[in-house]
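For reference, the structure discussed in these notes is given below.
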Amino acid sequence: MTISRLIQMSFVNNTSAALTYFLPANQPVHGIGPTVTNSNLGPLGSSANTSTVSSNWNNALAPGPEGTYQWNLDASNVFTVSYDHPAGARETWVKVVCPPGYVCSSPSTGSNGVNTFTDPSLEQHEAAITITISPV
């Protein structure tokens with residue numbers, strides 16, 4: 001028997017610059033994906049300023065999807081996103097490390113330069129969260 005362990009991380013870009021999706025080598029650690037709906041996250045005001053990154057794992061005996069990816073503003077301004085959506089009793093989390101001058105937030109959390117999101121919406125077999133990237 002297989003059980004889906006889907007995690008969807010939606011991003012809203014409220015900055016004045018476009019961000020580009022980047023998947024480092026050897027990712028994911030566990031699971032399938034991540035896949036992205038829009039690899040160029042347009043600036044605030046554009047019709048393409050939202051995107052969803054998804055990862056899944058279809059093996060009931062496996063640890064669940066886990067990995068890291070990035071949204072790049074330029075070579076020195078990188079938003080690093082790590083996620084773990086484990087099977088079993090461990091908590092699901094999404095961590096975003098923002099470069100100086102930017103904050104990330106979700107509807108149920110505060111915002112700062114480094115956020116580990118443990119939103120209740122993540123504690124589902126099909127977990128989902130929306131994260132907004134904004135200038136300070």
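In the set Gly42, Gly33, which member is closer than 16 Å to Arg5 by Cα and out of contact with any Cys (no Cβ under 9 Å at 6 or more places or on another chain)?
Gly33
Collect the residues in segment 1-49 that are among the aliphatic types (A, V, I, L, M), part of a loop (DSSP other than H, G, I, E, B) and in contact with a His (Cβ under 8 Å, 6 or more places away or on another chain), keeping them in residue-number order. Break it down stepwise before answering.
Within segment 1-49, the subset among the aliphatic types (A, V, I, L, M) is 1, 3, 6-7, 9, 12, 17-19, 23, 25, 29, 32, 36, 41, 44, 48.
Then keep just the ones that are part of a loop (DSSP other than H, G, I, E, B); that gives 1, 3, 6, 17-18, 23, 25, 29, 44, 48.
Selection gives Ile3, Leu6.
Return the total of residues in segment 53-96 being of a type in the set (A, V, I, L, M) and either at pLDDT 90 or above or closer than 19 Å to Thr35 by Cα (or both).
Start the filter on segment 53-96 by keeping residues that are of a type in the set (A, V, I, L, M), which leaves 53, 60-62, 73, 75, 78, 81, 87, 89, 94, 96.
Checking which are either at pLDDT 90 or above or closer than 19 Å to Thr35 by Cα (or both) leaves us with 53, 73, 78, 81, 94, 96.
Qualifying residue count for the region: 6.
What number of residues within segment 1-57 are over 28 Å from Val136 (Cα atoms) and of a type in the set (Val, Ile, Thr)?
Count: 5.
Could you check segment 65-99 and list, in sequence order, the residues that are part of a loop (DSSP other than H, G, I, E, B), touching a residue at least 40 places away in the same chain (Cβ under 8 Å) and farther than 16 Å from Ile129 by Cβ?
Scanning segment 65-99 gives a single hit, Ala87.
Please determine, by comparing only the residues of segment 1-47 that are free of Cβ contacts under 8 Å to residues at least 40 places away in the same chain and of a type in the set (Val, Ile, Thr), which one is surrounded by the most Cβ atoms within 10 Å (Cβ to Cβ).
So the residue we want is Val36.
Given the structure, is Thr50 touching a residue at least 40 places away in the same chain (Cβ under 8 Å), of a type in the set (Ser, Thr, Tyr) and either touching a Leu at 6+ places or on another chain (Cβ under 8 Å) or over 19 Å from Asn115 (Cβ atoms) (or both)? Break it down into steps so the answer makes sense when it comes.
Working: touching a residue at least 40 places away in the same chain (Cβ under 8 Å): yes; of a type in the set (Ser, Thr, Tyr): yes; either touching a Leu at 6+ places or on another chain (Cβ under 8 Å) or over 19 Å from Asn115 (Cβ atoms) (or both): yes.
Yes; evaluated as a whole, the condition is true for this residue.
The values are calculated or read from the model by the stated rules, or taken from the named source; none is laboratory data. Predicted model only: the values in this text are computed from it and were never measured. Virtual Cβ from ideal backbone geometry, glycine too; neighbours counted across all protein chains shown.
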